[in-house]
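**Student:** Mind looking over this structure? Questions follow.
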Amino acid sequence: MKFNRFGKYPIAFMLVLLCAIGLHHPIFVRATESPQVQITQPEPTSVAPESVFMSQLPSWARLVDIRTVNRNIRLDIRYATTNNFLKRKLYTVAKCALRSSVAEKLGKVQTDLEKIGLGLKVYDCYRPFSVTKQMWEFLPDPNYVANPARGSRHNRGAAVDLTLVDRTGKELEMPTPYDDFTKKAHRDYNGGSAQSRKNRQTLEDAMKKQGFIGITTEWWHFDSEDWQKFAILDISLTEIP
Ligand SMILES: [Zn+2]
């Protein structure tokens with residue numbers, strides 16, 4: 001006796017198959033899922049910056065211009081120019097502002113580095129929350145820009161992007177340029193020249209010694225280890241003395 005490809009009972013086989021397909025139809029799936037399970041997660045709403053006047057903050061938490069703490073730290077505030085990954089000028093002034101206690105620590109890093117003939121050059125410090133929102137409008141991709149739903153540690157005045165320079169102000173070789181969002185910018189990247197990895201380590205060691213912690217994906221970014229005690233702010237850079 002010859003069977004067709006569905007076996008001995010073709011009609012029974014087809015019925016089982018149809019039931020199996022039918023139960024996976026969305027209306028059946030939705031009906032059988034637990035009502036607690038949400039199929040799509042709602043977008044988190046934006047965090048609100050702390051609405052506060054500078055004068056209301058204790059002195060250690062006030063935003064200060066780094067130049068009032070240490071004049072030897074060099075500035076290359078990229079978001080005050082079009083020389084950044086967004087090719088847009090986002091700051092009205094080229095200023096590195098940080099919480100006073102954080103700025104004091106960064107001043108100490110500079111002093112430490114000068115003993116070995118080096119110094120710091122900062123690319124970005126405090127970033128007003130409205131600028132983070134603007135960046136997100138231009139490029140809503142968490143791989144490049146902080147999601148305003150969570151805010152950035154730069155918004156807290158407790159993070160800094162920077163590199164090393166020699167006595168003449170020339171940047172030391174690093175694994176990538178600033179704001180290179182590839183794996184080469186990761187702190188554990190093992191490629192590139194040995195000198196670039198050594199320089200990256202020198203920067204990390206100097207920052208760590210004064211209480212800054214690096215993040216894994218950007219060799220240039222450091223958070224003050226106490227960043228959590230500072231709220232997100234939206235004070236304009238022009239208001240910072
Ligand atoms: Zn950063």
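Okay, residues lined up against (1) touching a His at 6+ places or on another chain (Cβ under 7 Å); (2) at pLDDT 95 or above; (3) more than 14 Å from the ligand (Cβ to nearest atom):
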| residue | (1), (2), (3) |
| --- | --- |
| P140 | no, no, yes |
| Y144 | no, no, no |
| R153 | no, yes, no |
| G157 | no, yes, no |
| T163 | no, yes, no |
| K170 | no, yes, yes |
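**Student:** In segment 205-214, which residues are more than 16 Å from the ligand (Cβ to nearest atom) and open to solvent by 20 Å² or more (accessible area, probe 1.4 Å)?
**Tutor:** Of segment 205-214, the ones more than 16 Å from the ligand (Cβ to nearest atom) are 205-206, 208-211.
Within segment 205-214, D205, K208, K209, Q210 meet the criteria.
**Student:** Quick check on this structure: which one of T202, T217 is within 12 Å of the ligand (Cβ to nearest atom) and either modelled with pLDDT of 95 or more or in a loop (DSSP other than H, G, I, E, B) (or both)?
**Tutor:** T217
**Student:** Test L98 against the stated conditions and say whether it is modelled with pLDDT of 95 or more, assigned to a strand (DSSP E or B) and surrounded by 20 or more Cβ atoms within 10 Å (Cβ to Cβ).
**Tutor:** Yes.
**Student:** While we're on this one: Look through segment 190-199, keep the residues that are assigned to a helix (DSSP H, G or I) and over 18 Å from D179 (Cα atoms), and return whichever of them is farthest from the ligand (Cβ to nearest atom).
**Tutor:** The qualifying residue farthest from the ligand (Cβ to nearest atom) is A194.
**Student:** Let me ask something additional. Here is a list of conditions, (1) over 20 Å from V69 (Cβ atoms); (2) within 16 Å of the ligand (Cβ to nearest atom), and F230 meets all of them except one; can you say which number that is?
**Tutor:** Exception for F230: condition (1).
**Student:** Taking the criterion of being among the hydroxyl-bearing types (S, T, Y), open to solvent by 30 Å² or more (accessible area, probe 1.4 Å) and not in a strand (DSSP E or B), would at least one residue in segment 145-158 satisfy it?
**Tutor:** For segment 145-158, residues among the hydroxyl-bearing types (S, T, Y), open to solvent by 30 Å² or more (accessible area, probe 1.4 Å) and not in a strand (DSSP E or B): absent.
**Student:** Pairs needed: first member in segment 181-198, touching a residue at least 60 places away in the same chain (Cβ under 8 Å); second member anywhere, among the aromatic types (F, W, Y); C-beta distance under 9 Å; at least 6 residues apart or different chains.
**Tutor:** F181/F85; F181/Y144
**Student:** Here is a further query. Of all residues in segment 116-138, how many are within 12 Å of the ligand (Cβ to nearest atom) and either aliphatic (A, V, I, L, M) or under 10 Å from the mean Cα position of the chain (by Cα) (or both)?
**Tutor:** Number of matching residues: 2.
The values are calculated or read from the model by the stated rules, or taken from the named source; none is laboratory data. Note that the structure is a prediction, hence the values are computed from the model and not measured. So basically every Cβ, Gly included, is an ideal-geometry build from the backbone, and we count neighbours across all protein chains shown. Heads up: the accessible areas ignore ligands, DNA and RNA and are worked out on the full protein's heavy atoms, side chains in. Shrake-Rupley method; radii C 1.70, N 1.55, O 1.52, S 1.80 Å.
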